[in-house]
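Everything below concerns the one structure shown next.
The values are calculated or read from the model by the stated rules, or taken from the named source; none is laboratory data. Only a predicted model underlies this, so the values are computations on that prediction, with no experimental measurement involved. In this analysis, Cβ positions are derived from the backbone assuming ideal geometry, glycine residues included, and neighbour counts consider all displayed protein chains. With ligands, DNA and RNA removed, areas are computed over all heavy atoms of the protein, side chains included. Shrake-Rupley method; radii C 1.70, N 1.55, O 1.52, S 1.80 Å.
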Amino acid sequence: MEPKQWYMEYKIHKNRPGLLGDIASLLGMLEVNILTINGVEDRTRGMLLQTDDEEKIELLGKMLRKVENITINTLRPPRLTDILAVRHGRYIERDSDDRKTFRFTRDELGLLVDFLGELFKRDGNQTIGLRGMPRVGKTESIIAGSVCSNKRWAFVSSTLLRQTVRSQLSEEEMNPNNVFIIDGIVSTIRSNEKHYSLLQEIMAMPSTKVIEHPDIFVRESQFDYDVFDCIVELRNTPDEEISYENFTTAGLSDDF
């Protein structure tokens, strides 16, 4: 049987000396390997484990649930959010109503880049929306995430340096393994017919697309929110409102 990874998280009620050593010894006796360990949030510890015997994980869970100093919160195959929580020592905030929306602030850019990088490593078709106000670091995070995933990126539309509206891409740029960066405002409001034809072709490709300003993109195109596999929100501060109320179809700022 191939070795599989598991994520274990437990809450510490009494952090007595030797507690971690006792748990590590138990894992060692069961021949369950600890790949990564870190504190996650307040008095919570997370571990990435590996074993080729699922029965050992079941047994581990039953034994640790009898330990009075801790409470097992999670014992499951790891999700992306679990892996990043162990790496960075903190959980990614998710919208309580829309679980496919993930929230970051500017001081969490390292976590965001890592998150995007892991998403970009996935093969096949996926579309990611990225909300945020001007100059918060949206495009830069996408590029950094592409570098982390060892993938090339291609601008379909952008305002990073100057307004970019592409009518065609080279054969090399059209590689489905690339990350396609689309500005939802530029592509739907400031574009021409040739650009929109290119946009539709790219949206149909089995590749990764990242669309900045997804709400404007949905409002001004034939696409709906179902096209997005997840939506990322990036704010300067946790309470910053992402709003387009002051921007009209006729006079959108170049800051966007």
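Of 64, 109, 80, all but one fail to be open to solvent by less than 10 Å² (accessible area, probe 1.4 Å) and touching a helix residue (DSSP H, G or I) at 6+ places or on another chain (Cβ under 8 Å); the exception is 64. Within region 121-142, being among the aliphatic types (A, V, I, L, M) and either more than 16 Å from residue 110 (Cβ to Cβ) or open to solvent by 30 Å² or more (accessible area, probe 1.4 Å) (or both) holds for 128, 130, 133. Being of a type outside the set (A, V, I, L, M), over 29 Å from residue 94 (Cβ atoms) and either outside any helix (DSSP H, G or I) or at pLDDT 95 or above (or both) is a condition met by at least one residue of region 235-250. With respect to residue 187, determine if the residue is of a type outside the set (A, V, I, L, M), touching a Leu at 6+ places or on another chain (Cβ under 8 Å) and in contact (Cβ under 8 Å) with a residue 60 or more places away in the chain. It is false that residue 187 is of a type outside the set (A, V, I, L, M), touching a Leu at 6+ places or on another chain (Cβ under 8 Å) and in contact (Cβ under 8 Å) with a residue 60 or more places away in the chain.
For region 164-207, a tally of residues being assigned to a loop (DSSP other than H, G, I, E, B) and out of contact with any Ser or Thr (no Cβ under 6 Å at 6 or more places or on another chain) returns 19. Considering region 186-209, the residues that are more than 18 Å from residue 175 (Cα to Cα) and among the basic types (Lys, Arg) include one that is most open to solvent (accessible area, probe 1.4 Å), namely 194. What do you reckon, is residue 117 surrounded by 14 or more Cβ atoms within 10 Å (Cβ to Cβ), without any contact (Cβ under 8 Å) to a residue 40 or more places away in the chain and not aliphatic (A, V, I, L, M)? Yes, satisfied. Of the set (1) over 20 Å from residue 123 (Cα atoms); (2) of a type in the set (S, T, N, Q); (3) buried (at least 16 other Cβ atoms within 10 Å of the Cβ), all apply to residue 178 but (1).
When each of 68, 2 is tested for being assigned to a loop (DSSP other than H, G, I, E, B), within 30 Å of the chain's Cα centre (by Cα) and at pLDDT below 95, the lone residue that passes is 2.
Yes/no per residue for (1) of a type in the set (A, V, I, L, M, F, W, C); (2) open to solvent by 10 Å² or more (accessible area, probe 1.4 Å); (3) outside any loop (DSSP other than H, G, I, E, B):
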residue	(1), (2), (3)
144	yes, yes, yes
147	yes, yes, yes
154	yes, no, yes
162	no, yes, no
